[in-house]
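Following: one structure in structure tokens, then a few remarks.
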Amino acid sequence: MTSNTAGKSRILSKKWYLYLTEFFSGMAVMAVELGASRLLAPYFSSSQIVWTIIIGTIMIAMALGNLWGGRSADRHPDPDRLYGRLLLAAVWIAAIPFVGKMVIVGISALLVVTISTNFLIWAAFLSCMIVFVYPLFLLGTVTPSLVKYTVSSLDDSGRTVGALGAANTIGSIIGTFVPTFLSIPAVGTAATFVIFSAILLLLGVIYFIAERRGAVKTVIAVILFAAASAAALSLGFAFWEKNLTLEDESVYNYLQVREDDRRTVLSTNVLFGVQSVYIRDGSLTGMYYDYALAAPMMTEQPDAPKDLLILGMGTGTYATQCRHYYPAVSAEGVEIDEKITDLAHRYFSLDPAVPVTTYDGRAYLAGTDRKYDIIMVDAYQDITIPFQMSSQEFFSAVRAHLKENGVMIVNMNMTSAAEDSINVWLQDTIASVFGTVYTADVRGSSNRELFASENPEIASLLTENTAACENAALREMLEKVCEALKLYQGGERILTDDKAPVELLGMKTIDGMISGELAYYKQRFEEDGIAGLIG
């Protein structure tokens, strides 16, 4: 039978409020899960590994909440307890954008001096456990509690539980689409947490007002929610940075723009990496884009008109450079994030005459028959490597869109000496498609440029055309590329559409890089303690 307490309740007596509670609880769970991915991505990437940690952690929390919630509902069938938990969950979720960022930074600092391997995995896992388990545990108690209050007899128990499940599922569906396509792009991750936590708060407040009790806990919850929301909305992802030109979010990325008198820089990761740079006086960047300028010199008559396609346009750094140093080049780009393209025109002086298509790079190739003299693949962001743009099938599509003796450039980061690093896999895969492959490590960087073609003479053409280059700055840069150029002989590590473990390979490589960087800080900590780290 229905709980006596629920039966006597003013607002729950007709059950519609119970179904509404289930609906919005399901919505909040999915909104928090998607918000978690956006909260962690600027620090730990948005790779499949991080998603696995998020989903696994949340499922653990929900399972424990289901178990405890069922037992609690049997022992204490009082709706006040359920709606009190919703108030608590609302306050906690509202505080996540503020507290969560502090926790992430604090855990990262702690792990610097305590672990040697799997830094990103441990940091992401512990952050999820501390920040997300408790509020999702509380939301996990909702369904078993509501079953207790809604089932009036065994004759209609199946129908009632089914209706609750449907309400939860429909709420979850809406909670999946709204953050991704509406709230996060429009108002950001922090505001999204606040919006959905406000819904939970409202459920609890309406219940206690209708029942004419719980005034003290309701007022306290509202005050704490207001304080948490204000703090959440005031703190950026890179909260220690004081001179950012822009901090924003899109459907796909965290976006950070910084400027000084010499250059403008775009980053899509809080802790490391520069995705695009614009040098105001038109000079070279000192980054991998300069090395990629060797590609036109690997073709016959580098000053002749050439068609360039950039997959992963970013803010157009490479297109701008090519048009500056090779005026006959006709450039176009493909960029999946339209907001980055907007930033390109707003902050990075990308010529509006350069066409940019908002699309996935591989899908774009599948939809066009046009061929190019040069295709640059610049779609890898640190550990985040789209598997569909790393496979043998993808590079075969690139080759099919190159003109005779055309050149493909691939910007690879996370350079490692390991024999099974992600770059070795990518190089072997490319070598299985192209007849000639050269690599060049970028000085003072973790980037490596790869040049691939069916023309075996691209290195000779580069040397010859570099010697004839009249631009002194460009010639000096090209001479560095000539010195760094190494012929690559492919192996058997092949990535395919069916099997491309880029997340694990990337995580392993970047873990080795981080371990090397952390060795210094561990030594300082062992020798001088906290004072040494601060110093």
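None of the figures in this text is laboratory data; all of them are computed from the coordinates on show. Fair warning: this is a prediction, and the values are worked out from it, not measured in the lab. Positions of Cβ are backbone-derived with ideal geometry, glycine not excepted, and every protein chain shown enters the neighbour counts.
Identify all lysines with a Cα-Cα distance to LYS242 below 25 Å; exclude those on the same chain that are fewer than 8 residues away in sequence. Qualifying lysines at Cα under 25 Å: LYS101, LYS339.
Look at where the Cα atoms of region 271-308 and of region 420-460 average out, and the two centres are 17 Å apart. For the chain, the Cβ-based charge dipole about the Cα centre amounts to some 2960 debye (Lys, Arg positive; Asp, Glu negative; other atoms uncharged). Each residue of region 162-179 was assigned a 3J(HN,Hα) from its phi angle through the Karplus curve 6.51 cos²θ - 1.76 cosθ + 1.60 (θ = phi - 60°); the sequence is x, 5, 4, x, 5, 4, 5, 5, 4, x, 5, 4, 5, x, 7, 7, 4, x Hz, with glycine and proline shown as x. Could you please report the charge total around ALA473, scoring K, R as +1 and D, E as -1 over all other residues with beta-carbon less than 13 angstrom from its beta-carbon? Charge balance near ALA473 sits at -3. Here the residues VAL161, VAL398, ranked from fewest to most Cβ neighbours within 10 Å of their Cβ, fall in the order VAL161, VAL398. Its Cα gyration tensor gives region 282-501 an equivalent ellipsoid. The semi-axes, each the square root of 5 times an eigenvalue, are 23, 22, 17 Å from largest down.
Hey, which of these cross-link pairs are over 19 Å Cα-Cα: LYS14/LYS148; LYS403/LYS480; LYS403/LYS499?
Correct reply: LYS403/LYS480; LYS403/LYS499.
For region 5-85, the pair-distance distribution built from all alpha carbon pairs, in bins 10 Å wide starting at 0, is 15, 36, 27, 16, 6, 0 percent.
Amide H to amide H distances under 5 Å link VAL329 with LYS306, where only residues 5 or more positions off or on other chains count and H is placed in the peptide plane. In a DSSP loop and with at most 12 other Cβ atoms within 10 Å, the GluC sites (Glu not before Pro) in region 384-484 are GLU419, GLU470.
First select every other residue whose beta carbon is under 11 angstrom from the beta carbon of ALA366; then total the charges, Lys and Arg +1, Asp and Glu -1. Taking every Cβ under 11 Å from that of ALA366, the sum is -2.
Taking other Cβ atoms within 10 Å as a rough exposure proxy, HIS401, HIS324, HIS76 sort from fewest to most as HIS76, HIS324, HIS401.
Each peptide in 94-103, 164-173, 339-348 was scored by the mean count of other Cβ atoms within 10 Å over its residues; highest first, the order is 94-103, 339-348, 164-173. Compute the helix-to-body angle for 79-95: its Cα long axis versus the longest principal axis of the chain, expressed 0 to 90° and rounded to tens. Around 30 degrees separate the two axes. For region 282-501, relative contact order (Cα pairs under 8 Å, six or more residues apart, normalised by length) works out to 23 percent. To the nearest ten degrees, helix 502-534 and the longest principal axis of the Cα atoms of the chain are 80 degrees apart.
Each Lys or Arg adds one and each Asp or Glu subtracts one; over the other residues with Cβ under 15 Å from the Cβ of THR180, this totals -2. The calculated P(r) of the chain, using every Cα pair and 20 Å bins from 0, goes 20, 45, 26, 9, 1 in percent. Using only Cα atoms and rounding to the nearest 10 degrees, what angle (0 to 90) does helix 422-431 make with the longest principal axis of the chain? Tilt of helix 422-431: around 50 degrees. Taking other C-beta atoms within 10 angstrom as a stand-in for reagent exposure, TRP68, TRP51, TRP425 fall in the order TRP68, TRP51, TRP425, fewest first.
Can you give the translational diffusion coefficient of region 4-234 in µm²/s, computed by Stokes-Einstein from the Kirkwood radius over Cα pairs at 37 °C and 0.692 mPa s? For these conditions, the coefficient is 181 µm²/s. Calculated on C-alpha atoms, the gyration radius of region 297-384 divided by its Kirkwood radius gives an Rg/Rh of 0.96. What is the distance in Å between the Cα centres of region 50-71 and region 156-181? Spelled out, the Cα-based centre of one part sits 17 Å from the other.
Note on region 97-242: Cα-Cα pairs beyond 29 Å make up 34% of the total pair count.
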